[in-house]
Amino acid sequence: MKIPLELIDTLMLFLLPSYGILVGSKSGIWRAVVLAMVGIVFKKLGWSLSSLDIFSVTLLICLFVDPLAITTMGGQLSFLLAFAIMYLYKNTKFICATLKMNLVSLPIICFYTYQLNLLTLLVNLIFIPLFTYVILPLTFISALSVKLKIWNNVNDLFEGMYGFLDYFSNGAQFILVTGKLAILSVILLVIISLFYIESKSILNKYLYQYLIVFAACIMINKFPLSGSVNIIDVGQGDSILVTTPLIRKTFLIDTAGKLKFMTKPWAKRNSSNQVEHSTIPFLKSQGISKIDILFLSHKDVDHIGNLDILLNKFPVRQVNFGIGLNQNLRIQNVIRTHPEIEFKSRQQGDVIKTGFINWQVLWPKVKGKGENSDSLTLLARIKDKNWLFTGDLDIPSEQKILKNYQFKVDYLKLGHHGSKTATGDELLEKTQPKLGLISAGINNRYGHPNIETLKRLENHQVKYLNTADYGMISWYYDFFSNREKITTFLKGDSFENNRIKK
């Protein structure tokens, strides 16, 4: 018995929304559902519309229901790929079509994730047919005969395939960190890729243009003309990224971390750590794929609490810390579990030369326990500016440093998040910083920065910026000129060529 096509279309109008709800109501699913429903409705009305007209109506309906869908990576990929398929050369073979569609999606993926998997094309070539002709049919069949024991073996096979796929999708050796692509570059790459998918051949001028632009975007991120110091906004903690221009070297001072306080069950909240939420995404957005030296100031959780996570999630070549910190159990465990990383103790008098930056270790002088008073204190000469990083160093230890060293600084990272126990009058008087930088959480329980510290800064005419007010604070310097500027995540440019902007 044949079922009339009109009846099938009518049933589809009712079944498609149910399907969309059952499979998770994602933007891509609803785009496909609405596209099919719009086509059926126009067919029933006898309207002969082009595929572009149907796509346009679908886009308008989806944006009317969810105007923000187009601002997400999933929404943009869904509509862009659906649009691209309409212009794909009709006789394009599967391998060529897969390549072309991957090139369409690549700029969007790199814009949001700052990386690409080098095996994406190969995995798609294998798993798209496998999913379409094997996994999906078996899934439907198993739903009708769920009691058969054979499905346990099939499930084990699927889990093995998932593990295989997960290994290749997340393996660091298969990931190329591209950095965040500029919006204009993304638009240009998408336009070129749309011309490319209309063409018959694989190797043509559009492919070459695409590869040249894409390679240039990566090179700009990998070999920048400017270096930077970035006070990453990690809340109540410290994590500072320092980079050099051209053949870039990358240094990270502390990893941040969260102190855990006793909380009633009803008040507990799920929260991600700062390394995965802030630090690693920022590193990748800059095109950074490894850290050359990680400096650990002292043992406090808000400075090195995320150390294990960082070393497990991101490549680090060398870890430096103040002498005595290696007696800490956390550090001992890290040294034992990461034999591939070089660990070095540092003490007063050590000099670390790293091309564009010279690091001078001012403290600790003798072996300590990693307390605030033992904080690894670094004087960095970056281009022609002096930067002082003090961790949580207290005032008595500052005074001991000043007995052995005489120096001026241009930029001072305030100790202990602006606590009254750090950044004393003697340090400010003798070093004469032009600008102080504070890393503190909004409305933190410690009252940082303390009013006494801010009063000291005012008395010594030192202006300051606080991550609690400005978000991440970044200082940039040019390799080919003396130009420098500070930008903040929340308020834009704040400081340029030694002038504070109002």
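Please compare each pair in K290/K434; K249/K365; K249/K403 to a cut-off of 29 Å on the Cα-Cα distance and tell me which ones are over it.
Values: K290/K434 31 Å; K249/K365 27 Å; K249/K403 32 Å.
The pairs that break the limit, which is 29 Å between Cα atoms, are K290/K434; K249/K403.
The eigenvalues of the Cα gyration tensor, multiplied by 5 and square-rooted, give the range 389-481 an equivalent ellipsoid with semi-axes of 20, 19, 11 Å from largest to smallest.
Using 0.36 nm per residue and subtracting the Cα-Cα separation, the extra length available between T10 and L119 on full extension is 35.0 nm. Beta bridges from DSSP with both residues in the chain: antiparallel share about 65 percent, rounded to the nearest 5. State whether the range 5-221 is rounded, prolate or oblate according to the following rule on the C-alpha gyration tensor (a ≥ b ≥ c being the square roots of its eigenvalues): a/c under 1.5 gives rounded; otherwise a/b larger than b/c gives prolate, and the remaining case gives oblate. Oblate, because a/c is 1.5 or more while a/b does not exceed b/c.
Think of the range 358-399 as having a plus end and a minus end, set by charges on the Cβ of Lys, Arg, Asp and Glu; of G370, N358, I395, N358 sits farthest toward the positive end of this dipole.
Determine the relative contact order of the chain: mean sequence separation of Cα pairs under 8 Å and six or more apart, normalised by residue count, in whole percent. The partial results should precede the final answer.
Numbers: 828 pairs, mean separation 48.1, N = 502.
So the answer I get is 10 percent.
Hey, fewest Cβ within 10 Å first, where do I401, I280, I187 land in order?
Values: I401 23, I280 19, I187 12.
Final ranking by Cβ density, sparse to dense: I187, I280, I401.
What value does the chain have for Rg/Rh, both radii from Cα atoms and Rh as Kirkwood defines it? Intermediate values should be presented prior to the final figure.
On the way: Rg = 28.3 Å, Rh = 26.6 Å.
Using only Cα positions, Rg/Rh for the chain is 1.06.
Sequentially through the range 223-234, phi angles give Karplus couplings (6.51, -1.76, 1.60; θ = phi - 60°) of 10, x, 7, 10, x, 7, 10, 10, 8, 6, 7, 10 Hz, Gly and Pro residues having no value and appearing as x.
Checking understanding here: applying a Kyte-Doolittle mean of at least 0.5 and a length along the axis of at least 18 Å (C-alpha), which whole DSSP H helices in the chain pass?
On the way: long enough: 5-22 (24 Å, 1.58); 27-45 (27 Å, 1.42); 51-65 (21 Å, 2.33); 73-87 (21 Å, 1.50); 94-113 (27 Å, 1.54); 150-170 (30 Å, -0.14); 183-198 (23 Å, 2.66); 205-222 (25 Å, 0.97).
Going by DSSP H runs, the hits are 5-22, 27-45, 51-65, 73-87, 94-113, 183-198, 205-222.
Every read-out reported here was derived from the displayed coordinates using simple, explicitly stated rules and does not represent laboratory data. The structure displayed is predicted, hence computed values, not measured ones. Every residue, glycine among them, receives a Cβ derived from its backbone with ideal geometry; neighbour counts consider all protein chains shown.
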